[in-house]
1. Based on the alpha-carbon set only, what is the convex hull volume of segment 29-101 divided per residue, in Å³?
2. Would you calculate the separation in nanometres between label points at residue 279 and residue 259, each defined as 7 Å from the Cα along the Cα-to-beta-carbon direction?
3. Starting from 0.36 nm per residue, how many nanometres of slack lie between residue 190 and residue 204 once their C-alpha separation is accounted for?
4. PRE reach from residue 140 (point 7 Å along Cα→Cβ): which of segment 343-360 fall under 20 Å by backbone N?
5. How many angstrom separate the Cα center of segment 198-236 from the Cα center of segment 264-302?
6. Based on the mean of other Cβ atoms within 10 Å per residue, sort peptides 89-100, 282-293 so the most packed one is first.
7. Taking the number of other C-beta atoms within 10 Å as the exposure measure, put 1, 215, 129 in order starting with the fewest.
8. Please give every one of the lysines within straight-line cross-link reach of residue 185, meaning a C-alpha to C-alpha distance under 16 Å, and leave out same-chain neighbours fewer than 8 residues apart.
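What follows draws every value from the coordinates through simple rules; no lab data is involved. All figures in this text were calculated on a predicted structure; none of them were measured in a lab. Here the Cβ is made from the backbone with ideal geometry for all residues, glycine too, and neighbour counts use every protein chain on show.
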Amino acid sequence: MITVKKVEDKKGMLDFVKFPFSLYKDSKTWVPPLIGDELDTLDPEKNPAFENCEATFYLAYDKQQTIVGRIAVIVNHYEINRGVRKVRFGWLDMIDDIAVTDALLKKALDKVQELGLEYAEGPMGFSNMDKVGVQTYGYDHIGGMITWTNYPYYVTHFEKLGWVKEKGYVESSFFLKDVNFDTYKKAGDVVERRYGLSYAPIKTNKDIIPYVDEMFDLFNTSYANLSSFIPVSEKQKEYFKKKYIPFVLPEFIKFILDKEGKIICFAIVIPSFSKALQKANGKLFPFGFYHLWKARKNPKTVEFYLIGISPEYQSKGVPAMLFRDCYLLFKKKGVEQCIITPELENNLAVQKLWKNFNPTDFGRRATYKKYVNEGEL
């Protein structure tokens, strides 16, 4: 007998966040979040995503009252007001018992029915800045700081319960030794001269701050054509400054400026914190800070976290200039591998950016959906 209960207090919220730590305690690929950071993300008082969202958190219990699963059911009002008649769900984790999965997913479908909407989709967070997708391939690859990890049975449960794939994502990587640098060197030099481009002078993390708002404005513009895109709000800009800028090495963030000093291209590259987060095991104290500091100082693997190009420059070869200088920086810093974080399978424009790197796909993930009225499938 499975019972699903709404999280009502701080203890319940802590149980919600800590459940995966027991579920994945023997996993070599799961990357634990920082518990405090995860609690803040799910707190309406601290995360500005709740300006346009509401969320209900549930825990599933077996007959011994042991926690066996969790789910967050999310309503994004910005999305609904644009005519997307869905409920989101995320933070889905459960034991290998399809009855547990069914009971949790029914909470998302119940919300769809309650609001008179059409379908539920997930796993996904509040917006495009959150984690997305259940792993469908690449279970032997270590997870990342900005991705969820799951066991293969998650997909089996979705399919047996009649959920269908909605969006697909691809994860890939390349090694610096395999990059044909001459291609980017020549093209980058030409683009830089032709359009009079330059880099913002970034030497410290404080130097990044004045450019962040404009960067997110460009992010909103460059991804606006994606059907699933949720723009970053003013309050979210401030939130992400505090959440992510401390993790960024200043030389690993690139703002390309036009002649007027306007950002026309940006890239945020972060050190891979996966192994450091595994060692920290959810806690900054007593040694978590040290592991993260060490990973930040001399990264051998980095992740392309965000990249954006002004629409008017998307066909002018600007990425060649960006990648030319990223390559030189990575060589100088001793970086060996670059990970490309999840990208929509149908976002061909972004995927074309990487073609000359000859990236190798190491993982895939997907969101799944189900209509309340099955006849609409």
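1. Per residue, the Cα convex hull of segment 29-101 comes to 133 Å³.
2. 5.0 nm
3. Residue separation times 0.36 nm, minus the Cα-Cα distance, leaves 2.2 nm.
4. The answer is 359-360.
5. With segment 198-236 and segment 264-302 each reduced to a Cα centre, they are spaced 22 Å.
6. 89-100, 282-293
7. Least to most surrounded, the residues fall as 1, 129, 215.
8. 177, 316, 331, 332, 355
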